[in-house]
Amino acid sequence: MGPVSLLPKYQQLSTWKGDLAKMTHLQAGLSPETIEKARLELNENPDVLHQDIQQVRDMIITRPDIGFLRTDDAFILRFLRARKFHQADAFRLLAQYFQYRQLHLDMFKNFKADDPGIKRALIDGFPGVLESRDHYGRKILLLFAANWDQSRNSFTDILRAILLSLEVLIEDPELQINGFILIIDWSNFSFKQASKLTPSILKLAIEGLQDSFPARFGGVHFVNQPWYIHALYTLIKPFLKDKTRKRIFLHGNNLNSLHQLIHPEFLPSEFGGTLPPYDMGTWARTLLGPDYSDENDYTHTSYNAMHVKHTSSNLERECSPKPMKR
């Protein structure tokens with residue numbers, strides 16, 4: 001086994017036995033099926049997991065311009081999984097992750113669920129997250145585009161809420177391996193709303209999601225998109241990698257083509273599925289706590305991508321729930 005490099009809380013474990021226990025910890029909670037999937041699809045080898053992680057960590061000195069604020073084993077591992085254990089690609093993604101945050105400091109200044117802008121977006125259903133996973137074990141995220149009240153939520157706050165949600169979800173090692181699905185329902189999304197989707201903010205979203213985040217996206221599905229969304233898609237295509245383009249599916253009103261890729265038993269009724277209609281408050285309650293609409297003190301687990309803290313705070317009075325358009 002190569003040189004030992006341990007997380008601070010494990011620094012007292014310097015023996016080979018302790019290092020082996022740490023490797024077990026990195027795959028703890030994974031089902032045997034997922035471990036085998038990681039081996040076959042991602043080239044994950046538990047025997048050299050520590051060496052793979054250390055080799056990525058050793059590359060950090062090549063980018064002194066970037067502040068790598070988190071470099072523990074579990075954190076680096078998600079970047080290796082996102083890039084199928086190609087170490088150079090994993091390091092490039094790790095560097096872009098922190099560089100994106102350095103370039104857009106305002107977006108991450110108060111990167112917590114109780115930030116007023118993020119909370120409004122979450123309460124308004126941006127994003128929705130289904131409780132169950134699809135037949136490949138992927139988490140399904142939903143966006144009902146027409147619910148974007150542009151006087152209430154900025155596009156940047158919606159993007160921040162999506163990125164925060166992914167930060168919380170990616171803590172699950174099963175999702176690091178199985179990945180995510182995104183479904184965007186464009187029903188009743190007006191031309192006026194679409195006019196606010198400028199190339200600059202769309203580029204910001206693409207850079208944040210495609211180029212700078214360690215998630216495996218198995219598909220982005222457009223449903224009920226009008227002609228002007230087709231035009232927007234043509235506009236952003238140059239910013240998309242070939243791999244991303246191949247995973248974007250424009251279904252229109254043909255739900256059968258959606259069901260060929262995501263089985264109806266995993267979808268709510270809005271998408272022709274057998275599950276009940278999606279409750280817009282589901283994911284907001286998960287992040288803000290069950291009493292997220294009360295004006296009392298509450299305790300919740302929030303995620304700060306820069307420092308990985310847990311905090312408690314008060315609900316903002318301005319973030320009371322708003323009826324959703326369906």
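Collect the residues in the range 227-278 that are open to solvent by less than 30 Å² (accessible area, probe 1.4 Å) and either assigned to a loop (DSSP other than H, G, I, E, B) or among the aromatic types (Phe, Trp, Tyr) (or both), keeping them in residue-number order.
Matches in the range 227-278: TYR233, LEU240, HIS251, GLY252, ILE262, LEU267, PHE271, GLY273, TYR278.
Go over the candidates LEU77, LEU93, LEU69, LEU103 one by one and state the one that is in contact (Cβ under 8 Å) with a residue 12 or more places away in the chain, among the aliphatic types (A, V, I, L, M) and open to solvent by 50 Å² or more (accessible area, probe 1.4 Å).
Criteria check complete, one pass: LEU69.
Could you tell me which residue of the range 47-66 is farthest from GLU171 (Cα to Cα), considering only residues that are open to solvent by less than 20 Å² (accessible area, probe 1.4 Å) and among the hydrophobic types (A, V, I, L, M, F, W, C)?
Of everything passing the filter in the range 47-66, ILE66 is farthest from GLU171 (Cα to Cα).
If you scan the range 21-44, which residues turn out to be of a type in the set (S, T, N, Q) and not in a loop (DSSP other than H, G, I, E, B)?
THR24, THR34
Pairs needed: first member in the range 173-186, open to solvent by 10 Å² or more (accessible area, probe 1.4 Å); second member anywhere, among the charged types (D, E, K, R) and in a loop (DSSP other than H, G, I, E, B); C-beta distance under 7 Å; at least 6 residues apart or different chains.
Listed pairs, sorted by first residue: ASN178/ARG138.
What about PHE98, is it open to solvent by 10 Å² or more (accessible area, probe 1.4 Å) and of a type in the set (A, V, I, L, M, F, W, C)?
Judged against the criteria, PHE98 is not a match.
Quick one: is ASP211 over 20 Å from ASP242 (Cα atoms) and not hydrophobic (A, V, I, L, M, F, W, C)?
No: the conditions fail for ASP211.
Being more than 17 Å from the chain's Cα centre (by Cα), on the phi < 0 side of the Ramachandran plot and surrounded by 16 or more Cβ atoms within 10 Å (Cβ to Cβ) is true for just one of ASP124, ASP149. Which residue is that?
None of the others qualify; the one that does is ASP124.
Can you name every residue in the range 157-172 that is of a type in the set (Val, Ile, Thr) and either farther than 24 Å from ASN224 by Cα or open to solvent by less than 20 Å² (accessible area, probe 1.4 Å) (or both)?
ILE158, VAL168, ILE170 - these are the residues of the range 157-172 that are of a type in the set (Val, Ile, Thr) and either farther than 24 Å from ASN224 by Cα or open to solvent by less than 20 Å² (accessible area, probe 1.4 Å) (or both).
Any residue in the range 45-60 that is over 18 Å from the mean Cα position of the chain (by Cα) and not in a helix (DSSP H, G or I)?
Yes, the conditions are met somewhere in the range 45-60.
Among the residues that make up the range 202-209, is at least one of them small (Gly, Ala, Ser), more than 27 Å from LEU255 (Cα to Cα) and out of contact with any strand residue (DSSP E or B) (no Cβ under 8 Å at 6 or more places or on another chain)?
For the range 202-209, residues small (Gly, Ala, Ser), more than 27 Å from LEU255 (Cα to Cα) and out of contact with any strand residue (DSSP E or B) (no Cβ under 8 Å at 6 or more places or on another chain): present.
What strands (runs of 3 or more DSSP E) completely inside the range 94-190 contain at least 1 residues that are touching a His at 6+ places or on another chain (Cβ under 9 Å)?
Once the strands (runs of 3 or more DSSP E) in the range 94-190 are filtered for at least 1 residues that are touching a His at 6+ places or on another chain (Cβ under 9 Å), what remains is 180-185.
Any residue in the range 218-240 that's in contact (Cβ under 8 Å) with a residue 12 or more places away in the chain and under 17 Å from PRO199 (Cα atoms): show its pairings with residues that are in a helix (DSSP H, G or I) and of a type in the set (Gly, Ala, Ser) at Cβ separation under 8 Å, as long as the two are six or more apart or on different chains.
TYR228/ALA194; ILE229/ALA194; LEU232/ALA194
For the range 191-201: of the residues being in a loop (DSSP other than H, G, I, E, B) and closer than 20 Å to ILE248 by Cβ, which is most open to solvent (accessible area, probe 1.4 Å)?
THR198
Is it the case, given these coordinates, that THR299 is modelled with pLDDT under 95 and open to solvent by 80 Å² or more (accessible area, probe 1.4 Å)?
In short, yes.
The values are calculated or read from the model by the stated rules, or taken from the named source; none is laboratory data. If you're wondering where the values come from, they're calculated on a predicted model, not measured in any experiment. Note that we place each Cβ from the backbone using ideal geometry, even for glycine, and neighbour counts take in every protein chain shown. The protein model used for the area step is the full one, side chains on, heavy atoms only, and it has no ligands, DNA or RNA in it. Shrake-Rupley method; radii C 1.70, N 1.55, O 1.52, S 1.80 Å.
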